[in-house]
Amino acid sequence: MGKAIGDVGEQRAGDAGGWHMNMYLNKGYKWTVYACFMGYIIQAIVNNFVPLLFLTFQSSYGIPLSQITLLITVNFAVQLLVDLVSVVFVDRIGYRVSLLIAHGLSALGLVGLTVLPHVLPSAYAGLFISVVCYAIGGGLLEVLVSPVMESCPTDNKEKAMSMLHSFYCWGHVGVVLISTLFFRFLGIENWWILALLWAVIPVANGILFARVPIAPLIEDGEKGMTVRELFGVPQFWLLMLMMVCAGASEQAVSQWASTFAEKGLGVSKTLGDLMGPMFFALLMGGARAFYGKYGEKVALDRFMSGSALLCVISYLCISLVPVPLIGLLGCGLCGLSVGIMWPGTFSKATASIKRGGTAMFALLALGGDMGCSGGPTLVGFVSGAFGDDLHRGILAGIVFPAVLLVGLFMLKPGKNAAVT
């Protein structure tokens, strides 16, 4: 696997010669890449497993559904906070230690789900503490894994970043499928066994991250930008806006995919919850995997611009075509179109702002998460203003891919020089 290094800053930039995207073999970086892929699967586990158990928690612990669904808000609110505060401590304690903490907290939160509700006076308090614990871990993974992947030796950084982010989609699909099959054949009352099995993954990946080499994100002799320096770079604000739009374009439709599945196919809510989001996630992951494999044949600017236009078309299909099945297909088309937006914006950021470092990745993750929250909120607000007309809400959300398209045009080579 190669000799492990103590911290992100310890590996010399001079070791970088001769690495290739298709091998990752020099000094064991192949295993660093595998660990990064698994990191995004872990984030999918912590974000998508517990929502499958809401009704079980309600019946088992006698907790009102309103309190249980609040756990989703807590999860993403904590991740937003972690995005913000990680700017302060990640560079101080190092990427390796931060990654070990992230994996440990993710595993601890999943284990806590099975233990704390039974040992604390309040079952809800046990669930709450567990969610906060794994949300901190998930938030750290979001901030850490992308820059670690970016630092790995590759011939094409854009391909690597797109492939990395596809693993969140595969993780999402896998969590839903495996959990559904487990509940079907072994009984949902045994969910705690599955929670412990899911917890094994961050433990194992944490051990892997303790051993693999981690290259520096910033070259030797250079220092990453501070938050104040980043705020003084016009490209950063444009990239931040693009990240907000990327997250909003994705979640504004993803959150409603199950509704369109129910209406479009006439299936039950349970089946709609499985089919709609999974259809969306499969096509989103497919787009990321496609660019991860064939990215050298398609310029990132062209792929992202085409995807943004396709996203606009998908929003129009969903909001203006009065055929429920077309609405469901529009959801899938949206998943296909948004796949490149998040990882592509990360790649454009590293190309435009050379010394962005940890602060840039953390703040861009914050912007993306803000979009993930703001997109569905705008759709819901507009829908409510028009008598709960979801089609009007989705139509309003078309502003997000449209603004992202404008941002891409403004970032084209020649319009802004890279910041070094």
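The values are calculated or read from the model by the stated rules, or taken from the named source; none is laboratory data. As the structure is a prediction and not an experimental result, all values here were calculated from the model. Neighbour counts run over all protein chains shown; Cβ positions are idealised from the backbone, glycine included. Just so you know, the surface numbers come from the protein's heavy atoms only, side chains and all, with ligands and any DNA or RNA stripped out. Shrake-Rupley method; radii C 1.70, N 1.55, O 1.52, S 1.80 Å.
Brief remarks on what is shown
- Residue count for segment 95-133, restricted to those that are crowded, with 18+ Cβ neighbours inside 10 Å, touching a residue at least 40 places away in the same chain (Cβ under 8 Å) and not hydrophobic (A, V, I, L, M, F, W, C): 8
- Any hit, segment 44-51, residues being out of contact with any His (no Cβ under 6 Å at 6 or more places or on another chain), open to solvent by 60 Å² or more (accessible area, probe 1.4 Å), assigned to a helix (DSSP H, G or I) and without any contact (Cβ under 8 Å) to a residue 60 or more places away in the chain: no
- Scanning segment 381-398 for residues that are open to solvent by 30 Å² or more (accessible area, probe 1.4 Å) and either assigned to a loop (DSSP other than H, G, I, E, B) or at pLDDT below 90 (or both) yields Phe381, Gly384, Ala385, Phe386, Gly387, Asp388, Asp389, His391, Arg392, Ile398.
- Leading residue by the ranking (least open to solvent (accessible area, probe 1.4 Å)) among those in segment 77-94 that are over 15 Å from Glu142 (Cα atoms) and β-branched (Val, Ile, Thr): Ile93
- Among all residues of segment 235-256, there is at least one that is at pLDDT 85 or above, part of a helix (DSSP H, G or I) and open to solvent by 60 Å² or more (accessible area, probe 1.4 Å).
- Scanning segment 160-175 finds no residues that are more than 19 Å from the chain's Cα centre (by Cα) and open to solvent by less than 60 Å² (accessible area, probe 1.4 Å).
- Test result for Leu378, open to solvent by 40 Å² or more (accessible area, probe 1.4 Å) and at pLDDT 90 or above: no
- In the set (1) touching a Phe, Trp or Tyr at 6+ places or on another chain (Cβ under 8 Å); (2) part of a helix (DSSP H, G or I); (3) of a type in the set (Gly, Ala, Ser), Ala215 fails one condition alone, (2).
- Within the option set Gly295, Gly224, Gly285, being touching a helix residue (DSSP H, G or I) at 6+ places or on another chain (Cβ under 6 Å), farther than 25 Å from Thr56 by Cα and not in a helix (DSSP H, G or I) holds for one residue only, Gly224.
- Only one of the listed residues (Met360, Met341, Met410, Met370) is more than 22 Å from Ala261 (Cβ to Cβ) and in contact with a strand residue (DSSP E or B) (Cβ under 7 Å, 6 or more places away or on another chain). That residue is Met360.
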